[in-house]
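Presented below is the structure to which this report refers.
The values are calculated or read from the model by the stated rules, or taken from the named source; none is laboratory data. Everything numeric here is computed off the predicted structure, so don't read it as measured data. Here the Cβ is made from the backbone with ideal geometry for all residues, glycine too, and neighbour counts use every protein chain on show.
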Amino acid sequence: MIATYFTGLSLMATLIMPIGMQNAFVLNQGIRRRHHLLVASFCSLADVFFMCLGVWGGAKLFSAYPWLLYTISILGAGFMMMYGFQCLQRAWRGESSLEQGEAKHEVKAIILACCAFTFLNPHVYIDTIVILGGFAANISVEQRPMFVAGGVSASFLWFFGLALLGAKLAPLLAKPRAQQVIDSLIGLMMFGLAIYLLKFVFG
């Protein structure tokens with residue numbers, strides 16, 4: 001059972017650690033210290049849902065309806081281009097956007113962004129449902145809860161680690177010039193990921 005736990009943890013860690021749009025968003029919210037723990041909690045709990053779905057048969061959904069993943073990819077590419085444009089525009093104007101807005105509206109906007117970065121991110125589905133689900137198909141039903149527990153641990157450790165690391169580096173990276181560089185890099189990365197997704201769909 002312990003071996004199964006560490007298998008789930010190591011596999012999920014391998015899948016989640018490469019920098020993607022969700023990771024960049026969590027890290028940037030940590031740097032801005034704007035509800036970064038809420039963002040980490042949302043992303044981790046979403047992974048719990050998707051992992052459970054994948055391990056207990058969700059992978060069959062994409063096999064039966066392959067157009068679902070293509071639709072998510074197109075919508076995700078559109079969202080990433082929009083978000084990337086906003087980041088580049090903010091960097092060009094030199095707007096750090098670190099000022100606190102009205103709390104109620106700010107939390108609502110951040111939750112909506114979390115939803116977009118999570119549910120319009122095809123890599124979330126591929127990693128948690130297709131790959132983890134496919135791997136779990138070779139594990140006995142009794143061992144699957146331990147496998148999921150390992151994956152969940154990796155997700156919580158990673159997202160909270162990113163958020164807290166960003167907050168720790170905030171005094172250095174939240175300066176206007178540093179934030180311009182970060183916004184520029186994230187904006188370019190979003191456009192790169194969007195092009196990659198469109199190639200995946202139409203290539």
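If Ser155 meets every condition in (1) within 20 Å of Cys43 (Cβ to Cβ); (2) without any contact (Cβ under 8 Å) to a residue 60 or more places away in the chain apart from one, which number is that one?
(2)
What number of residues within the range 153-182 are under 30 Å from Thr7 (Cβ atoms) and in contact with a Gly (Cβ under 6 Å, 6 or more places away or on another chain)?
2
May I ask you to verify whether Ala103 is hydrophobic (A, V, I, L, M, F, W, C), closer than 30 Å to Thr4 by Cα and at pLDDT below 85?
Answer is no for this residue.
If you scan the range 42-88, which residues turn out to be hydroxyl-bearing (Ser, Thr, Tyr), in a helix (DSSP H, G or I) and free of Cβ contacts under 8 Å to residues at least 60 places away in the same chain?
Ser63, Thr71, listed by residue number.
For the subset of the range 21-41 comprising residues that are closer than 20 Å to Phe79 by Cβ and not in a helix (DSSP H, G or I), which member is modelled with the highest pLDDT?
His35
Could you tell me whether Ala163 is modelled with pLDDT of 90 or more, of a type outside the set (D, E, K, R), touching a helix residue (DSSP H, G or I) at 6+ places or on another chain (Cβ under 6 Å) and closer than 25 Å to Gly84 by Cβ?
yes
Of everything in the range 112-129, what is assigned to a helix (DSSP H, G or I) and aliphatic (A, V, I, L, M)? Give them in sequence order.
Hits for the range 112-129 are Leu112, Ala113, Ala116, Val124, Ile126, Ile129.
Collect the residues in the range 172-197 that are among the polar types (S, T, N, Q) and under 14 Å from Arg32 (Cα atoms), keeping them in residue-number order.
Matches in the range 172-197: Gln179, Gln180.
Output the residues belonging to the range 151-203 that are closer than 30 Å to Gly8 by Cα, surrounded by fewer than 18 Cβ atoms within 10 Å (Cβ to Cβ) and β-branched (Val, Ile, Thr).
Result: Val201, single match.
Those residues that are in contact with a helix residue (DSSP H, G or I) (Cβ under 7 Å, 6 or more places away or on another chain) and either charged (D, E, K, R) or free of Cβ contacts under 8 Å to residues at least 24 places away in the same chain (or both), I need them from the range 121-151; list them, please.
Within the range 121-151, Asp127, Arg144 qualify.
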